[in-house]
Amino acid sequence: MDRATELAQRLQAACSETYCDGDELVDRSVDRSGWGPFKPWAVCCPTCVQEVQRVVALCSEFRIPVVPRGAGTGLEGGALPVRGGVVVDVMNLRHFDLQSDDLVLTCGPGLFKLEVNKMLEERGLLLGPDPASNPSVGGMAATSGSGLSTLKYGTSRENLVSLQVVLPNGDVMETKRRVRKSSAGYDLTQLFAGSEGTLGIITELTWRVHALPKKRVGSLMAFPDVRSAAQCVVQFRHAVLTSLTRCEMLNGPGIEATNKRFNMQLEAVPTLFLEFQGDSEDMLVSDARRAEELARGNSCTAYR
């Protein structure tokens, strides 16, 4: 028996859902980056951490590259098997365990961000990081994904409590105890967050979750130049506008593209898009008015 046949048979024994040909390999040869296709030698879709361990240990034994993959929404090609090897698709790892008293969620990496937030919303909670592409939560941690709500909640990195990771030799480890006050030892959670699968495969995540705000208010501010808009944002931060949750800027060409794509009529100048969230309408109105004052002081040409 040649080594390729032996590896295929042992992978199929190690992981119940293993593919060595067909559409499953084609699907994992691309993502949203536009790179590729890079066809893997095999695709494994484990349903438990033990299957991940067995697959990774086998690949280590045979010196075969391993590429972890989540939803495939990345734009940089991080989930592509550029050198072939075995793609480990973690989208079947989908458990969900909410400890609402502690505001902590433990879940599998195969859940989508919007899927998690829908389940949390039913309990009056939300996951703070908000990448626009609706990635898997495992991918969010692996890339330290951020999004429009970073101003208030931070990136995925700041919202992670602990990770369960399968290391390159097949061993499994937990990066940290799931308690708020823990200062001993290295911060391994932050080491693996953003490592994009190069140090291990994330098989479980523990997140901090937040109370879901009851009210939202949005506003738009136009400026004559990028410098004025940026200076205004600096003043927002110094003013401690506690309900300001989202703050994004588009320059003139960005506004032109937005007008074309969504059939809008915005003036093609640097523009800030703000969203205020909270439980008190009075607080939202107060922060929005204070933001308008600061914007007017920075040559804001339009506010609504």
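The values are calculated or read from the model by the stated rules, or taken from the named source; none is laboratory data. On a predicted model such as this, the values are computed, not experimentally measured, just so you know. Neighbour counts are summed over all protein chains in view; Cβ atoms, including those assigned to glycine, are modelled from backbone coordinates with ideal geometry. Only protein heavy atoms, including side chains, enter the accessible area calculation; ligands, DNA and RNA are left aside. Shrake-Rupley method; radii C 1.70, N 1.55, O 1.52, S 1.80 Å.
Mind counting the residues in the stretch 159-178 that are open to solvent by less than 80 Å² (accessible area, probe 1.4 Å) and charged (D, E, K, R)? Steps first, answer last, please.
Taking the stretch 159-178 and keeping what is open to solvent by less than 80 Å² (accessible area, probe 1.4 Å), we get 159-167, 170, 172-173, 175-176.
Now drop any that are not charged (D, E, K, R), which leaves 176.
Adding up the residues that qualify gives 1.
Do we have any residue at all in the stretch 161-180 that's more than 22 Å from Val49 (Cβ to Cβ) and modelled with pLDDT under 95? Give the derivation first.
Here is the first cut: in the stretch 161-180, the ones more than 22 Å from Val49 (Cβ to Cβ) are 180.
Now restrict to residues that are modelled with pLDDT under 95: 180.
Looking through the stretch 161-180, at least one residue is more than 22 Å from Val49 (Cβ to Cβ) and modelled with pLDDT under 95.
Determine if the stretch 250-262 includes at least one residue that is open to solvent by 40 Å² or more (accessible area, probe 1.4 Å) and either within 20 Å of the chain's Cα centre (by Cα) or in contact (Cβ under 8 Å) with a residue 60 or more places away in the chain (or both). Steps first, please.
Kept after step one, since they are open to solvent by 40 Å² or more (accessible area, probe 1.4 Å), are these residues of the stretch 250-262: 250-251, 253, 256-257, 260-262.
Within this subset, residues satisfying the condition of being either within 20 Å of the chain's Cα centre (by Cα) or in contact (Cβ under 8 Å) with a residue 60 or more places away in the chain (or both) are none.
Within the stretch 250-262, not a single residue is open to solvent by 40 Å² or more (accessible area, probe 1.4 Å) and either within 20 Å of the chain's Cα centre (by Cα) or in contact (Cβ under 8 Å) with a residue 60 or more places away in the chain (or both).
Read through the list (1) open to solvent by 50 Å² or more (accessible area, probe 1.4 Å); (2) in contact (Cβ under 8 Å) with a residue 24 or more places away in the chain; (3) among the aliphatic types (A, V, I, L, M), then give the number of the only condition that Ala132 fails.
Status for Ala132: all satisfied but (2).
Given the structure, is Ser149 under 19 Å from Val116 (Cβ atoms), open to solvent by less than 10 Å² (accessible area, probe 1.4 Å) and at pLDDT below 95? Steps first, please.
Values: under 19 Å from Val116 (Cβ atoms): yes; open to solvent by less than 10 Å² (accessible area, probe 1.4 Å): yes; at pLDDT below 95: yes.
Against the criterion (under 19 Å from Val116 (Cβ atoms), open to solvent by less than 10 Å² (accessible area, probe 1.4 Å) and at pLDDT below 95), Ser149 qualifies.
Which residues, taken from the stretch 78-110, are in a loop (DSSP other than H, G, I, E, B), within 18 Å of Tyr19 (Cα to Cα) and open to solvent by less than 60 Å² (accessible area, probe 1.4 Å)?
Scanning the stretch 78-110 gives Ala79, Leu80, Pro81, Gly84, Gly85, Val90, Met91, Leu93.
Confirm whether Leu241 is modelled with pLDDT under 90 and surrounded by 14 or more Cβ atoms within 10 Å (Cβ to Cβ).
Details: modelled with pLDDT under 90: yes; surrounded by 14 or more Cβ atoms within 10 Å (Cβ to Cβ): yes.
Here the answer is yes, as Leu241 does meet what is asked.
Please go through the stretch 208-223 and pick out each residue that is assigned to a loop (DSSP other than H, G, I, E, B) and either crowded, with 16+ Cβ neighbours inside 10 Å or at pLDDT 95 or above (or both). Break it down into steps so the answer makes sense when it comes.
From the stretch 208-223, those assigned to a loop (DSSP other than H, G, I, E, B) are 209, 212-214, 223; that's our starting set.
Matches in the stretch 208-223: Val209, Pro213, Phe223.
Any chance the stretch 275-294 includes a residue that's more than 28 Å from Gly78 (Cα to Cα) and part of a loop (DSSP other than H, G, I, E, B)?
First, pick out the residues of the stretch 275-294 that are more than 28 Å from Gly78 (Cα to Cα): 275-294.
Those left that are additionally part of a loop (DSSP other than H, G, I, E, B): 279-280.
Checking the stretch 275-294: at least one residue is more than 28 Å from Gly78 (Cα to Cα) and part of a loop (DSSP other than H, G, I, E, B).
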